[in-house]
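Participant: A single structure is presented below for examination.
The values are calculated or read from the model by the stated rules, or taken from the named source; none is laboratory data. Please read these numbers as outputs of a predicted model, since none were measured by experiment. Note that each Cβ is placed from the backbone with ideal geometry, even for glycine, and that neighbours are counted across all protein chains shown.
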Amino acid sequence: MFRKVLIANRGEIAVRVIQACRDLGVIAVAVYSEADRDALHAQIADEAICIGPAPARDSYLNMQNIISAALASGAQAIHPGFGFLSENAEFAELVTENGLAFIGPKPETIRRMGDKAEAKRTAIRAGVPVALGTDGAVASYTEAEREAARIGFPIMCKAAAGGGGKGIRVAFNASELKAAYDAASSEAQANFGDGRVYLERYVHNPRHIEVQVLGDNFGNVVHLFERECSIQRRHQKLIEEAPSSFADDDFRTRICTAAANLAREVGYRGAGTVEFLADEDKNFYFCEMNTRIQVEHPVTEQVTGVDLVCEQIRIAAGEPISFTQEDLTLRGHAIECRINAEDPTRGFAPCPGTIEGMHLAGGPGVRIDTAAYQGYTIPPYYDSMIGKMIVYGADRAQAIARMKRALAETLFDGIQTTTDYQMHILSSEAFAKGAFHTNSIENGDFDDEA
């Protein structure tokens, strides 16, 4: 096991990794920008090092500064968390070139699965269903027109690089294609520095189902069942749960087996997630693989009893996965609400500012992952998520009741958050019945309360 790990991230995921390090008896080193000097992760870590000014490009995306901090601290490994450099193959290579362990997959795996065309080819080789689309990015809009005619509408224009719901637009007919193509390309360029776009047949009102996988250096691969991530606003997840109420035993077996087969195909190491879109007939299609820990990993931890972050660290240290597929069983139900400092009444505009007062829910079955505290000033430079509320119940009905209780008990003064909006969704008949899909928010499906 490592003696010291540096966490190349901020916010609640940095706090979560610090907690895992402590559970393993590992010294945790935090890095922080000048804007995060008072951030919780910088205060509770065993050591903390400033890596640059507030802008992410000068701090949390500054590879050389992070490597220098790791070497100066005597860390043996770097945990990238999620976002920032977590799926950057160049960074993973730089980490290993400097004699450090990267707590994640091999650089070649990140590169292979980060290339959407290559990821799709890999899925096909692994026998994983894929939606009809282009073999890689199109070279121009003219080619996009030609390919769209072959594939058929509706069609998605998707960023060839990156992920996280960025750079995706839908064209329902030929007259909408140019606007969708231009918007997807522009957003992809702004977020990933790569404006290339590929096309894929659109699945009407799909469910977004993902499967958590783990792989080690000994060829062992396990899946930890599925998560339901269909409640999204503009491709950004708001509420997740495990298991999915949409999945029956046959669907669960098929989709989880497909995810595990893909992980084996790429020799996956560490924690990863295979994302799928599923239609109403329970056909599913490969979407992408996220080669990192996910924001929503806690719901899987709740229903399996596995500490995924500790498992990540152990695997990177050369240990085998600590359990087998046969050891895993699904138990109960978990739901997660992302707490974002945003104002739903103003188009979900970010609301940085000082938390003047705060009360977080507690009681049976409630877990809060957060970096927020009373008196903390949320900086305007980073993602608006300040925490996650996770509840566990013996079944879905109990989990829903506990989440509604937890949302009602959670209070913030000085900032706006998304908790009231999530309470609105949780209180709807559509959510209670599990009758929703990725377009339900835009369609107003949650507007009639149960």
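Participant: Can you name the residue in the stretch 71-90 that is assigned to a helix (DSSP H, G or I) and within 20 Å of Thr291 (Cβ to Cβ) and is also nearest to the chain's Cα centre (by Cα) among such residues? I'd like the intermediate steps shown before the answer.
Facilitator: Within the stretch 71-90, the subset assigned to a helix (DSSP H, G or I) is 71-73, 89-90.
With the extra rule that they be within 20 Å of Thr291 (Cβ to Cβ), the set shrinks to 89-90.
Details: Ala89: 18, Glu90: 20 Å.
Among them, the one singled out is Ala89.
Participant: Moving on. Among the helices (runs of 4 or more DSSP H) confined wholly to the stretch 242-348, which include 2 or more residues that are in the same structural domain as Asp369 (by TED's automatic domain parsing) and polar (S, T, N, Q)?
Facilitator: 249-265, 297-304
Participant: A follow-up question, please. Name the pairs whose Cβ atoms lie under 6 Å apart, with the first residue in the stretch 354-373 and among the basic types (Lys, Arg), the second buried (at least 18 other Cβ atoms within 10 Å of the Cβ), and 6 or more positions between them or separate chains?
Facilitator: Arg367/Ile390
Here is a yes/no grid of residues against (1) assigned by TED's automatic domain parsing to the domain that holds Asn65; (2) in contact (Cβ under 8 Å) with a residue 40 or more places away in the chain; (3) buried (at least 24 other Cβ atoms within 10 Å of the Cβ):
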| site | (1), (2), (3) |
| --- | --- |
| Asn9 | yes, yes, yes |
| Glu12 | yes, yes, no |
| Leu24 | yes, yes, no |
| Ala30 | yes, no, yes |
| Glu34 | yes, no, no |
| Asp38 | yes, yes, no |
| Ala42 | yes, no, no |
| Ala48 | yes, no, no |
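Participant: Which of the residues that make up the stretch 359-369 are crowded, with 19+ Cβ neighbours inside 10 Å and not in a loop (DSSP other than H, G, I, E, B)?
Facilitator: Passing the criteria: only Asp369.
Participant: Do you know which residues across the stretch 205-234 are surrounded by fewer than 23 Cβ atoms within 10 Å (Cβ to Cβ) and either part of a loop (DSSP other than H, G, I, E, B) or basic (Lys, Arg) (or both)?
Facilitator: Listed by number, the residues that qualify are Asn205, Pro206, Asp216, Asn217, Phe218, Gly219, Asn220, Arg233, Arg234.
Participant: Further question on the same structure: Please find, among Thr377, Thr418, the residue that is closer than 15 Å to Leu238 by Cα and touching a residue at least 40 places away in the same chain (Cβ under 8 Å).
Facilitator: Thr418
Participant: Contact list please: Cβ distance under 8 Å, first residue in the stretch 178-191 and buried (at least 22 other Cβ atoms within 10 Å of the Cβ), second residue part of a helix (DSSP H, G or I), pairs at least six apart or on different chains.
Facilitator: Every condition considered, the pairs that remain are Tyr181/Tyr141; Tyr181/Ala144.
Participant: Oh, and also: With the condition kept exactly as written, say whether any residue in the stretch 252-264 is surrounded by fewer than 21 Cβ atoms within 10 Å (Cβ to Cβ) and on the phi > 0 side of the Ramachandran plot.
Facilitator: The answer is no; no qualifying residue exists.
Participant: List, please: which pairs have Cβ atoms under 6 Å, are six or more places apart or on different chains, and start with a residue in the stretch 316-345 that is among the hydrophobic types (A, V, I, L, M, F, W, C) and end with one that is surrounded by 14 or more Cβ atoms within 10 Å (Cβ to Cβ) and part of a helix (DSSP H, G or I)?
Facilitator: Taking only residues 6 or more apart or on different chains, the pairs are Leu328/Thr304; Leu330/Val303; Ala334/Val299; Ala334/Gln302; Ala334/Val303; Ile335/Ala399; Ile335/Met403; Cys337/Gln422.
Participant: OK, next. Does Gly104 satisfy the criteria of being touching a residue at least 24 places away in the same chain (Cβ under 8 Å), exposed (fewer than 15 other Cβ atoms within 10 Å of the Cβ) and assigned to a loop (DSSP other than H, G, I, E, B)?
Facilitator: no
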